[in-house]
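J.: Structure in C-alpha cells, see below.
The values are calculated or read from the model by the stated rules, or taken from the named source; none is laboratory data. Values in this document were obtained by computation on a predicted structure and should not be read as measured data. A quick note on method: Cβ atoms are made from the backbone with ideal geometry, for glycine too, and the neighbour counts reach across all protein chains shown.
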Amino acid sequence: MGSLVDRVIDTLEERRERLEKGQINCIPSPFKRFSNNFVGIEQGKYYLISGSTKSAKTQIMNYLFLYNSVFYAYTHQEKIRLRILYYPLEETQEAITTRFMCYLLYVLSKGTIRRSPTELRSTKEEEPIEPEVLELLRSERYQSILNFYEEHVTFLPDRNPTGILYSAKKYAENNGTEYKKTVTITDRHGAVVDEREVFDYYEPADPNEYVMIIVDHISLIDCEQNKTLRECMNMLSEYMIRMRNRYNYIPVIIQQQSQETQSLEAFKMNKIRPSVAGLADSKYLAKD
C-alpha cells in the first residue's frame, strides 16, 4: 500500500509525467485571458458559484462545468473520461439539455447559428424554429456529441443531503476501491477498549476520470431530521468535502446572494458585487 508520503510523491511524479506525455491535469478554462485566475477544472477541488437573483448563475455554471467540459471530453477522449452527477433542484433536465443544444449549434457553426432556448422551442407563434436547425441536431455529427452527453451526464432525483451523499458515494464504490485501516481506541488509562476499521484511502478504477457533483441550487434542498435550511446546507457541504477529500471528486455548488445585496441601498453604495458576506442562508459554504 505504501506510506502517505510515498503516495503523495508518486502522485506528483505522475502528474508531471502526464504533461510530458501530452496528457492534462485539468480541464482547461475556456477563458484564456482569465486562465491565471481560473486555470481550469481540477480533480479534488470544490467550486462555489454565487450571484444575485437572475444574474445567470446557472448559465455560467453550466457553460464552465457542464457544456465546455462535455465538449472538451468528447474532443479529447484519449486524455480524460468524464462523469457528471447532476442534481437539478431548480430546472428540469430537459431545459438544461436544450441549452446544451443551443451551445452546440453556436460552437459547431463557429458562431453563425445563434439560437436561444426560447427560439429553439418555437415559443413565439410567428417564429417557429427553422427546420434546417432541427435537421442539424439530428445529423450524425450532432448526434454523436449528444449521445456522448447522455452517456456521461447523469441527472439524479435526490434532493436531501443524505440522499445526495448516498447516490454519489454509490458511484464511487462502484468505480473504485476503498482501503481501510484499523484504529485502536483506548480509555484515559491507556487500556484498549475497542478496535474498528476506518477509511484510509481510495483508488479509482480510472484515475483519468473527472467526476463532478453539481447541485443547483443548494438553497432548494429538502431538509431532514428536523433541521433548519442553514443546518442542512452546512450538512450537504460537509458531505461534499468528504467526497472531495476521499474520492478526489469535484463538487460544484450554486448558492444565491442574499436579498440585502440586491437592495437599492446596496446599489447606491456600490455593494452589489457577490461576496462571502452576501451569501444567502449560510456563510459556511465559502469556508468549505
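J.: Quick check on my filter: what residues within region 100-129 are over 27 Å from Asn208 (Cα atoms), in contact (Cβ under 8 Å) with a residue 12 or more places away in the chain and in a helix (DSSP H, G or I)?
T.: Cys102, Leu105, Pro117, Leu120
J.: Give me the pairs: first residue in region 144-166 and at pLDDT 95 or above and among the hydroxyl-bearing types (Ser, Thr, Tyr), second residue buried (at least 16 other Cβ atoms within 10 Å of the Cβ) and in a helix (DSSP H, G or I), beta-carbon distance under 6 Å, and six or more apart or on different chains, which are they?
T.: So the pair list comes out as Tyr149/Val70.
J.: Check Glu90 against each of (1) in a loop (DSSP other than H, G, I, E, B); (2) surrounded by 13 or more Cβ atoms within 10 Å (Cβ to Cβ); (3) charged (D, E, K, R); (4) modelled with pLDDT of 95 or more and name the one condition it does not meet.
T.: That leaves (4) as the condition not met.
J.: Assess whether Tyr67 counts as being among the aromatic types (Phe, Trp, Tyr), without any contact (Cβ under 8 Å) to a residue 40 or more places away in the chain and within 22 Å of Phe155 (Cα to Cα).
T.: For Tyr67, the condition - among the aromatic types (Phe, Trp, Tyr), without any contact (Cβ under 8 Å) to a residue 40 or more places away in the chain and within 22 Å of Phe155 (Cα to Cα) - is met.
J.: Next question, about the same structure. Among the residues that make up region 98-106, is at least one of them surrounded by fewer than 16 Cβ atoms within 10 Å (Cβ to Cβ), modelled with pLDDT of 95 or more and not polar (S, T, N, Q)?
T.: yes
J.: Follow-up. Give just the number: which of (1) surrounded by 11 or more Cβ atoms within 10 Å (Cβ to Cβ); (2) at positive phi does His217 not satisfy?
T.: (2)
J.: Being in a strand (DSSP E or B) and of a type outside the set (Phe, Trp, Tyr) is the filter here, so list the residues in region 130-168 that pass it.
T.: Val153, Thr154
J.: So how many residues does region 206-238 have that are at pLDDT 90 or above, more than 20 Å from the chain's Cα centre (by Cα) and not acidic (Asp, Glu)?
T.: Number of matching residues: 6.
J.: Filter region 70-87 down to the residues that are part of a helix (DSSP H, G or I) and not aromatic (Phe, Trp, Tyr) and list them by number.
T.: Across region 70-87, the qualifying residues are Val70, Ala73, Thr75.
J.: I've got another one for you. For region 17-42, give me each residue that is part of a loop (DSSP other than H, G, I, E, B) and among the small types (Gly, Ala, Ser).
T.: Across region 17-42, the qualifying residues are Gly22, Ser29, Ser35.
J.: Could you check how many residues of region 17-54 are free of Cβ contacts under 8 Å to residues at least 60 places away in the same chain and either surrounded by fewer than 10 Cβ atoms within 10 Å (Cβ to Cβ) or closer than 25 Å to Ala277 by Cα (or both)?
T.: Residues that pass the stated criteria total 10.
J.: For region 62-108, enumerate the residues that are among the β-branched types (Val, Ile, Thr) and more than 15 Å from the chain's Cα centre (by Cα).
T.: Filtering region 62-108 down to residues among the β-branched types (Val, Ile, Thr) leaves 70, 75, 80, 84, 92, 96-98, 107.
Within region 62-108, Thr75, Ile80, Thr92, Thr97, Thr98, Val107 qualify.
J.: On the given criteria, is Tyr46 under 25 Å from Asp281 (Cα atoms), among the aromatic types (Phe, Trp, Tyr) and either modelled with pLDDT of 95 or more or under 12 Å from the mean Cα position of the chain (by Cα) (or both)?
T.: Yes: the conditions hold for Tyr46.
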